[in-house]
Amino acid sequence: MSFIIRIFPGTHPFGADVINRCRRFIIRILPDTHPFGACVINRSGRFIRLFLLLAIANCVATVAAHADAFVVSEIKIEGLQRLPDGTLLNYLPIVVGDPIDDNQITYSISELYKTGFFANVQFFRDGDALIVRVQERPSISNVEFTGNSDIDDDALKDALLDIGVTRGQIYNRSLLEKLTLELERVYFSQGKYGVKINTEITELDQNRVDIDITISEGQVALIKHINIIGNDVYSDDTLLDELESGVPGSWSIFSSIDEYSKPKLNGDLEKIRSYYLDRGYIKFSIESTQVSITPDKQDIYITINVSEGDRYKISSSKLTGELVVNRQTMESQILTRQGMWFSRSLMTTSKKRLESQMGRIGYAFSEVKLTPDIDDERKEVALTYFAIPGEKVYVRRIDIHGNDSTQDQVFRREMRLMEGSILASDLLERSKTRIQRLPYVETVDVDTVPVPGSTSQVDLKVSVEEKLAGSFNIGAGFSQTQGLIFNVGLTQENLFGTGQRLALNVNTDRANTIYSAAFTDPYYTLDGISRTVSVSFRDRDAAEEQINNFQTNSGDLNISYGVPLSEFNTISMGYGLSYIKIIPSSINPSLDVTKFLLEHDGQTSYNSITLNTSFSHDTRNRTVFATAGSQQTIGMNMTFPGSDLEYYKLSYITNTYLGVTSATTLLLRSNLAYGSGYGDTNSLPFFERYFAGGIRTVRGFESNTLGPRDPISGAAVGGNMRVTAGADYIFPIPFVEKPPSSVRLSLFLDVGNVFLDNFNTYDAPLGDNGFQADQLRASTGVSLVWISPIGPLRFSYAETLNEVQSKGTGAVDDYGDRLRAFQFSIGSFF
């Protein structure tokens, strides 16, 4: 009877009635005179307790039908810990003043249970007051994962969020089964069919619990075979070559092509579909896909059933709708032509090009609808592009977010859109690129936010993530060409948040001691003219660089201006003062140095006024580690007529970045340079010559050793012409889910050499002076570059392709090409 008494105490109007009715019910079924009657009433046992519970339930139902109704004058709530009273009252279908009976109470209890907030709900009556006593379910304090390596915690928590398992949510034991099924689904999609998941619940104070999830990920199921059924036009091998999934060859030791995952399979199915749809098979379809797994959950067999259909040609491509751009310009954007095989990719590209063309003049939300009219009898498709420009859109406001260190105006001046201007799509993209190119910006996003109540205005939300723009370095390193390096540097790319650049550096190695300072104001004038002021002093021992035996002390002061001609074209002009003092070696002096001093009457100190100019065309998406665009620069440096030395130097540098895949880039590069004297100076001074070989020019060859050699010392003397070129296939670090943006790996091909007028390049036939194409050296290998806090670190391993061996003449300069397969530079600035 204690169960009934707890729910309805005997003192409660409901309580005594319930107890009496239950007692009469039991006695009526089993009277005291029955052999078991007294036992039922006075003794307990497992069977008796079960029987009593059934009897009590019946009594409760009987009593509920006869309980007295009353009008609620007050509602009292007991047992709440986290939830406010108002939350419970919102879900309670009873308010003060309502007449209630037992049916209403039963319904109200059911409604409160439905919320999922409560483990127990009880109603009591105290006079005309209704007492609601509840026990809250515990809340989830934290969810922790252990054992997961292939899928990080954030990805798993996002998956659990979809089923309501997250911090602060109500805990229900029924969630554990959902939790396990959801995590298994995530791992199954990655091919981890052997995953095992264990959960442990830890009760905490304040009615909270921790959920600890231990995961044994197991091995990825491997694809053993992919079978394509229904393909007659294209062979299995042709289609399988298009897929990211497959069975690797015996030589592919580190390949992950056979690791199964559902997203990768879905991507492969789309590749097959695109392959057919881009070749005229407009009715191609994938009928079904079966994925079978062996009982040990280790091997996967995939069957893809396809229906190729017939091949269709394009009968016409028409442009209709409202044309806000002249028809000729719009039609030039359509790539699908009459007589071509149907191509979905060309069709969708044409659609995007048409929308972009309208977006350029402010129709930012323009749309082009495509209507293919298929003629099954003639196997032709008529395409209709219907242009819907919509309204012209204007920029109401530009908001900059995330610039904690940088002034707003620094980013606003890079924007090619202004408040009040039309929203031109090309200028919007260019604005994003210009901000991304700033050296103190990690990432940038530009969102268009519609203005409430207006269909023709948007706000631009520019969200930037800044990176550290300043550094103070005290470091040391070692380079194969420069020996022990010591450097002290202060560099600030964003001085006081103004976008100005200041650099102070002291660099020393076995060949050079350099003191330098430079200040750049990228917006010296409001229209974007930049100015750079730089000063440097250098002590150089050329013999330590494996070139001519001489020393110099020099100093330079330069001022240069950069004038933007357009978004991509810039012309630079500058002037400066230059001083150099030559200190010839008293031991084994170079013939080149001795000859130069004789030509200038033994003069060792020279002063010059320098002029420099260059033209640059730059469309790169980044200034460091670009992945798209190109850069071409033509430059000239010369001394002003009347200077102690009169000479000029010309250069042409190109770098072209071509995207191969979404993660890889092909870099094509060239560097041509030529210099000579004029006026009273017969040739380019020896200390201004170019050198080749080493990690910065032609890898695999010893630094500065290519080209002509001094017949007395055997050292390289450099040249007045340098020709280098090459290609780099850039790819991310393998086996790393999120490769760092500061590291770049590449396979490379280097070609180059230096040449000197009236002087033989090493190994060239006597009399073959100047440029000789057959004297170009080449190498290939792998390179790694890391932009570290102490400066760029570069490592390379190269194999030379056409090195020259010693001829065995015994001459001091006949020692063949000097080779070095592994080369590195640590802590040097280049």
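The values are calculated or read from the model by the stated rules, or taken from the named source; none is laboratory data. No experiment lies behind these values; they were computed from the predicted model shown. Cβ coordinates were reconstructed from backbone atoms using ideal geometry, including for glycine residues, and neighbour counts include every protein chain displayed. For accessibility, only protein heavy atoms count, side chains too; no ligands or nucleic acids. Shrake-Rupley method; radii C 1.70, N 1.55, O 1.52, S 1.80 Å.
Tell me, please, whether a residue that is small (Gly, Ala, Ser) and surrounded by fewer than 18 Cβ atoms within 10 Å (Cβ to Cβ) can be found in region 552-562.
Checking region 552-562: at least one residue is small (Gly, Ala, Ser) and surrounded by fewer than 18 Cβ atoms within 10 Å (Cβ to Cβ).
Out of Leu265, Leu243, which single residue is farther than 30 Å from Ser315 by Cα and assigned to a loop (DSSP other than H, G, I, E, B)?
Criteria check complete, one pass: Leu243.
Given the conditions (1) open to solvent by 40 Å² or more (accessible area, probe 1.4 Å); (2) over 21 Å from Leu747 (Cα atoms), which single one is not true for His600?
Every condition holds for His600 apart from (1).
Going through region 640-652 one residue at a time, which ones are open to solvent by less than 60 Å² (accessible area, probe 1.4 Å) and farther than 15 Å from Arg689 by Cα?
The answer is Ser643, and nothing else.
If you check Ser590, Ser585, which single one turns out to be surrounded by 14 or more Cβ atoms within 10 Å (Cβ to Cβ), in contact (Cβ under 8 Å) with a residue 60 or more places away in the chain and touching a strand residue (DSSP E or B) at 6+ places or on another chain (Cβ under 8 Å)?
The match here is Ser590.
In region 167-194, which residue that is of a type outside the set (Ser, Thr, Tyr) and touching a residue at least 60 places away in the same chain (Cβ under 8 Å) is surrounded by the most Cβ atoms within 10 Å (Cβ to Cβ)?
Across region 167-194, the extreme among qualifying residues is Gly191.
Could you grab me the full set of residues in region 743-759 that are under 23 Å from Pro792 (Cα atoms), free of Cβ contacts under 8 Å to residues at least 60 places away in the same chain, surrounded by 15 or more Cβ atoms within 10 Å (Cβ to Cβ) and of a type outside the set (Val, Ile, Thr)?
Those that are under 23 Å from Pro792 (Cα atoms), free of Cβ contacts under 8 Å to residues at least 60 places away in the same chain, surrounded by 15 or more Cβ atoms within 10 Å (Cβ to Cβ) and of a type outside the set (Val, Ile, Thr): Leu745, Phe748, Leu749, Asp750.
Being open to solvent by 50 Å² or more (accessible area, probe 1.4 Å), of a type in the set (Phe, Trp, Tyr) and touching a residue at least 12 places away in the same chain (Cβ under 8 Å) narrows it down to one of Tyr762, Tyr729, so name that one. Let's see the steps before the verdict.
Details: Tyr762 fails: open to solvent by 50 Å² or more (accessible area, probe 1.4 Å).
When all the criteria are applied, what remains is Tyr729.
Using the structure shown, decide if Ser746 is at pLDDT 85 or above and of a type in the set (Ser, Thr, Tyr).
Here the answer is yes, as Ser746 does meet what is asked.
Of the conditions (1) open to solvent by 50 Å² or more (accessible area, probe 1.4 Å); (2) assigned to a loop (DSSP other than H, G, I, E, B); (3) closer than 27 Å to Pro439 by Cβ, Arg378 satisfies every one except a single condition; which number is it?
(3)
Could we say that Asp310 is of a type in the set (D, E, K, R) and in contact (Cβ under 8 Å) with a residue 40 or more places away in the chain here?
Judged against the criteria, Asp310 is a match.
Residue by residue, here is whether (1) open to solvent by 60 Å² or more (accessible area, probe 1.4 Å); (2) of a type in the set (Ser, Thr, Tyr); (3) in a strand (DSSP E or B); (4) touching a Phe, Trp or Tyr at 6+ places or on another chain (Cβ under 7 Å) holds:
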{"position": "Asn198", "(1), (2), (3), (4)": "yes, no, yes, no"}
{"position": "Thr202", "(1), (2), (3), (4)": "no, yes, yes, no"}
{"position": "Ile213", "(1), (2), (3), (4)": "no, no, yes, yes"}
{"position": "Asn231", "(1), (2), (3), (4)": "no, no, no, no"}
{"position": "Tyr234", "(1), (2), (3), (4)": "no, yes, no, no"}
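Consider only pairs whose beta carbons are under 6 Å apart and that are at least six residues apart or on different chains; among these, list those whose first residue lies in region 361-381 and is at pLDDT 95 or above and whose second residue is loosely packed, with under 12 Cβ neighbours inside 10 Å and hydrophobic (A, V, I, L, M, F, W, C).
Hits for this filter: zero, empty list.
Between a residue in region 139-159 that is at positive phi and any residue that is small (Gly, Ala, Ser), which pairs come within a Cβ distance under 9 Å, given they are 6 or more apart or on different chains?
Going by the 9 Å Cβ cut-off, the qualifying pairs are Gly147/Ser216.
Starting from region 659-682, take each residue that is within 14 Å of Met638 (Cα to Cα) and modelled with pLDDT of 90 or more and list its partners that are of a type in the set (A, V, I, L, M, F, W, C) and not in a loop (DSSP other than H, G, I, E, B), counting only C-beta distances under 6 angstrom and pairs at least six apart or across chains.
Tyr674/Leu650; Tyr674/Met721
What tally of residues in region 387-403 results from selecting those that are on the phi > 0 side of the Ramachandran plot and in contact with a Leu (Cβ under 6 Å, 6 or more places away or on another chain)?
The number of residues fulfilling the criteria is 0.
Scanning region 455-472 for residues that are in a loop (DSSP other than H, G, I, E, B) and without any contact (Cβ under 8 Å) to a residue 40 or more places away in the chain, which turns out least open to solvent (accessible area, probe 1.4 Å)?
Lys467
I'm trying to understand the selection: among the residues of region 137-156, which are of a type outside the set (Gly, Ala, Ser) and either over 26 Å from the mean Cα position of the chain (by Cα) or surrounded by 15 or more Cβ atoms within 10 Å (Cβ to Cβ) (or both)?
Passing the criteria: Arg137, Pro138, Ile140, Asn142, Val143, Glu144, Phe145, Thr146, Asn148, Asp150, Ile151, Leu156.
Can you tell me how many residues in region 502-513 are closer than 19 Å to Ile559 by Cα, crowded, with 16+ Cβ neighbours inside 10 Å and either among the hydrophobic types (A, V, I, L, M, F, W, C) or free of Cβ contacts under 8 Å to residues at least 40 places away in the same chain (or both)?
The total comes to 2.
Residue by residue through region 287-336, note down the ones that are touching a helix residue (DSSP H, G or I) at 6+ places or on another chain (Cβ under 6 Å) and part of a strand (DSSP E or B).
Hit for region 287-336 is Leu319, nothing else.
Please go through region 195-218 and give me each residue that is over 16 Å from Asp152 (Cα atoms) and in contact (Cβ under 8 Å) with a residue 60 or more places away in the chain, ordered by number.
Across region 195-218, the qualifying residues are Glu203, Leu204, Gln206, Asn207, Arg208, Val209, Asp210, Ile211.
Could you please find all residues in region 603-623 being open to solvent by less than 40 Å² (accessible area, probe 1.4 Å) and of a type in the set (Lys, Arg)?
Hit for region 603-623 is Arg620, nothing else.
Given the condition open to solvent by less than 80 Å² (accessible area, probe 1.4 Å), without any contact (Cβ under 8 Å) to a residue 24 or more places away in the chain and touching a strand residue (DSSP E or B) at 6+ places or on another chain (Cβ under 6 Å), answer yes or no: does some residue in region 264-277 qualify?
No: zero hits.
Of the conditions (1) more than 24 Å from Thr349 (Cβ to Cβ); (2) in contact with a strand residue (DSSP E or B) (Cβ under 6 Å, 6 or more places away or on another chain); (3) not aliphatic (A, V, I, L, M), Glu331 fails just one. Which one is it?
(1)
Do we have Glu429 as under 19 Å from Thr623 (Cβ atoms), open to solvent by 60 Å² or more (accessible area, probe 1.4 Å), in a strand (DSSP E or B) and modelled with pLDDT under 95 here?
no
Is there a residue in region 695-711 that is modelled with pLDDT of 90 or more, open to solvent by less than 10 Å² (accessible area, probe 1.4 Å) and at positive phi?
Yes, because at least one residue in region 695-711 is modelled with pLDDT of 90 or more, open to solvent by less than 10 Å² (accessible area, probe 1.4 Å) and at positive phi.
Can you tell me which residue is most open to solvent (accessible area, probe 1.4 Å) among those in region 770-799 that are touching a Ser or Thr at 6+ places or on another chain (Cβ under 8 Å), under 30 Å from Ser683 (Cα atoms) and not hydrophobic (A, V, I, L, M, F, W, C)?
Gln772
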